[in-house]
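Contents: one structure, followed by commentary.
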Ligand code: NAD
């Protein structure tokens with residue numbers, strides 16, 4: 001249920017911020033104010049970190065058996081399932097994404113808790129071979145207090161990607177959701193408490209990222225920073241965290257290539273490429289925003305691709321049959337449009353979209369039509385910089401080596417997709433691409449268990465997988481002389 005006011009969630013319950021200041025959170029599809037949200041000060045950050053520190057240093061959570069923690073994670077999943085419809089509604093209201101998208105993401109968030117419940121009990125230390133007379137074993141211990149900072153594009157799913165492995169490992173958390181989309185993170189904190197997570201283990205604070213973010217990432221009480229967001233913010237966080245040598249994982253931006261070879265299943269490639277860029281209104285870190293199409297099928301592919309893009313229904317995210325919801329804010333709509341204008345100034349050709357949709361439904365809120373730009377070359381800014389909206393650039397190619405070179409010619413290395421029926425080629429190209437994720441004839445990149453993360457300036461560390469457990473634990477080696 002939507003509340004009118006969200007206070008900070010510290011030490012197992014809601015608490016007013018020290019300054020009494022609030023900011024408004026909106027529905028991006030209507031521009032209406034949804035709720036007042038507490039604006040944390042540095043003092044509040046101190047309180048949240050102190051609660052997490054106390055829960056870690058003296059509380060029972062890190063000292064429970066993995067099986068007991070797993071039981072609580074499964075209980076969180078159970079409560080989320082029971083509150084599924086409400087969570088979906090709140091997510092759609094606060095993010096402008098469609099009901100289908102919210103259902104898929106929250107469904108996955110639930111499974112993430114179940115996945116990490118299993119991981120908690122299977123991932124552990126081991127006994128190592130050492131010279132006679134000695135005995136050595138390793139223990140996986142929780143890394144400590146984790147500051148987790150997340151973006152607005154997948155609010156609840158990103159919170160689950162962060163909180164679930166931290167809980168499984170026995171860590172404690174101060175989570176800072178994005179100011180645009182704080183609501184479901186607060187609900188998740190309530191659910192954690194209801195499921196039996198002890199007080200102080202999960203704390204949620206909200207406020208300006210540029211004000212409290214740096215303070216949180218430098219905080220001496222924090223052992224690890226796990227960040228998802230823009231590459232430039234990630235660089236700032238890494239620099240600040242380095243001063244106290246905090247553990248850092250960074251899930252950053254992307255400009256992912258989508259390569260369509262001439263021997264592909266054309267219909268699957270067209271549909272998968274549409275999904276790859278326009279899902280979540282293009283506001284996906286692994287959005288396949290650079291589309292490379294083999295010259296031999298370019299005309300046929302583009303005819304279907306543009307035709308189907310024009311038929312994508314944009315509108316009220318609650319309405320059935322709508323494929324694409326709102327963009328997150330007026331400012332973001334302007335950024336998306338400015339990239340399109342820049343591309344046109346640089347000589348690109350607009351094949352569809354390039355503006356807000358028209359009609360009474362779009363009188364309020366923030367919108368952008370599915371947009372396809374051709375006559376683009378890979379060095380143009382629109383092909384190199386992350387737009388984070390429903391805009392794809394299309395570049396033809398003739399040779400496998402040529403397209404590999406273009407695909408890798410980016411500072412990013414998050415996602416990538418290949419469409420071909422030739423398995424040899426698929427595996428060759430998958431091996432040659434410098435990216436953390438390669439999709440072969442698949443529009444989908446992530447399930448609980450698949451490592452998710454980037455190469456190059458898309459960051460480092462992996463989420464959503466057993467690898468993640470390593471990033472929330474320290475390895476202690478115990479050597480004894482028998
Ligand atoms: P952002 O970097 O502006 O903000 C992300 C979070 O960081 C927010 O909570 C914000 O308040 C906070 N923040 C802002 N400045 C900060 C600072 N100096 N110190 C600490 N925290 C600070 O990103 P965004 O616009 O919210 O999200 C979009 C970006 O997220 C895109 O670049 C997208 O690719 C990326 N993203 C990456 C992944 C991934 O897994 N690689 C997933 C989703 C989104």
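No lab work stands behind these numbers, since they all come straight from the coordinates. Remember, it's a predicted structure, so these values are computed and weren't measured experimentally. Quick reminder, even Gly has a Cβ in these numbers, built from the backbone with ideal geometry, and neighbours come from all protein chains shown.
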Complete set of residues in the stretch 439-456 that are touching a helix residue (DSSP H, G or I) at 6+ places or on another chain (Cβ under 6 Å) and surrounded by 19 or more Cβ atoms within 10 Å (Cβ to Cβ): 448
For residue 395, all conditions in the list (1) within 28 Å of the chain's Cα centre (by Cα); (2) surrounded by fewer than 18 Cβ atoms within 10 Å (Cβ to Cβ) hold save one; what is the number of the exception? (2)
Residue tally, condition surrounded by fewer than 22 Cβ atoms within 10 Å (Cβ to Cβ) and either over 19 Å from the mean Cα position of the chain (by Cα) or more than 6 Å from the ligand (Cβ to nearest atom) (or both), over the stretch 224-238: 4
List the number of the failed condition for residue 62; all other conditions in (1) without any contact (Cβ under 8 Å) to a residue 40 or more places away in the chain; (2) assigned to a helix (DSSP H, G or I) hold. (1)
The one condition in (1) within 16 Å of the ligand (Cβ to nearest atom); (2) more than 12 Å from residue 254 (Cβ to Cβ) that residue 429 fails to fulfil: (1)
Residue check, residue 431 against (1) in contact (Cβ under 8 Å) with a residue 60 or more places away in the chain; (2) surrounded by fewer than 15 Cβ atoms within 10 Å (Cβ to Cβ), all met but one. Which one? (1)
If we ask which residues in the stretch 414-427 are in contact with a helix residue (DSSP H, G or I) (Cβ under 8 Å, 6 or more places away or on another chain) and either buried (at least 24 other Cβ atoms within 10 Å of the Cβ) or without any contact (Cβ under 8 Å) to a residue 60 or more places away in the chain (or both), their number turns out to be 5
So which of 389, 365, 347 ends up being more than 24 Å from residue 261 (Cα to Cα) and either within 16 Å of the ligand (Cβ to nearest atom) or without any contact (Cβ under 8 Å) to a residue 24 or more places away in the chain (or both)? 389
Among the residues of the stretch 268-303, write down those that are more than 16 Å from the ligand (Cβ to nearest atom) and either buried (at least 24 other Cβ atoms within 10 Å of the Cβ) or within 25 Å of the chain's Cα centre (by Cα) (or both). 269, 270, 271, 272, 273, 274, 275, 291, 292, 293
Meets criteria (out of contact with any helix residue (DSSP H, G or I) (no Cβ under 8 Å at 6 or more places or on another chain) and in contact (Cβ under 8 Å) with a residue 40 or more places away in the chain) for residue 273: no
Filter the stretch 88-126 down to the residues that are outside any helix (DSSP H, G or I), over 19 Å from the mean Cα position of the chain (by Cα) and in contact (Cβ under 8 Å) with a residue 60 or more places away in the chain and list them by number. 123, 125
Are any residues in the stretch 52-70 in contact with a helix residue (DSSP H, G or I) (Cβ under 6 Å, 6 or more places away or on another chain) and surrounded by fewer than 18 Cβ atoms within 10 Å (Cβ to Cβ), and if so, which ones? 67
